[in-house]
Amino acid sequence: NSETFWTTTGMFPQEFIIGFPKCVKISKVAIQCYLVRTLRIERSVSEDPVGFERCIEKDLQHTEGQLQMEEFPLPEFQATYLRFIIKSAFDHFVSVHRVMAEGT
């Protein structure tokens, strides 16, 4: 729902985890967020959300008054859980409006 979003509580790092019903192949992850400076994405292939490994870490560009839209191609990538860690921000609070994962 584009009218809803997740927001941080004001200190960093902040994180959220997305779980899939089973281990899936992901070819691309996209995120729409606001005021995120540094984002890390980790994955787990375990049945429980443990044993995460770092996949991507990127400094995003500041887009005043607009959502940041980032896509991350992930060839040959499998995951049961994705953990998104917002390591730093351009302000005290940030928001995540949409996360999309493409694959099979």
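Below is a table of values for the structure above.
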| read-out | value |
| --- | --- |
| Mean separation of Cα contacts under 8 Å (6+ apart) over length of the chain, as relative contact order % | 48 percent |
| Theoretical FRET efficiency, 1/(1+(r/R0)^6), r = Cβ-Cβ of Met11 and Glu76, R0 30 Å, to 0.05 | 0.25 |
| Cβ charges +1 (Lys, Arg) and -1 (Asp, Glu), total dipole of the stretch 25-104, debye | 20 debye |
| Exposed GluC sites (Glu not before Pro) absent: longest stretch of the chain, with sites in DSSP loops and at most 16 other Cβ within 10 Å deemed exposed | 4-46 |
| Of Leu60, Val94, Ile18, farthest towards positive along the dipole that unit charges on Lys, Arg, Asp, Glu beta carbons give the chain | Ile18 |
| Kirkwood Rh in Å, taken over all unlike Cα pairs in the stretch 1-56 | 13.6 Å |
| Compactness of the chain, expressed as Rg and Dmax over alpha-carbon positions, Å | 13.4, 40 |
| Computed label-point distance, nm, for sites Ile56 and Phe20 using a 7 Å Cα→Cβ extension | 1.4 nm |
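Where a number appears in this text, it was derived from the coordinates with a stated rule and is not lab data. Every value quoted in this text rests on a predicted model; they were computed, and no experiment measured them. Backbone-built Cβ (ideal geometry, glycine too); neighbour counts: all protein chains shown.
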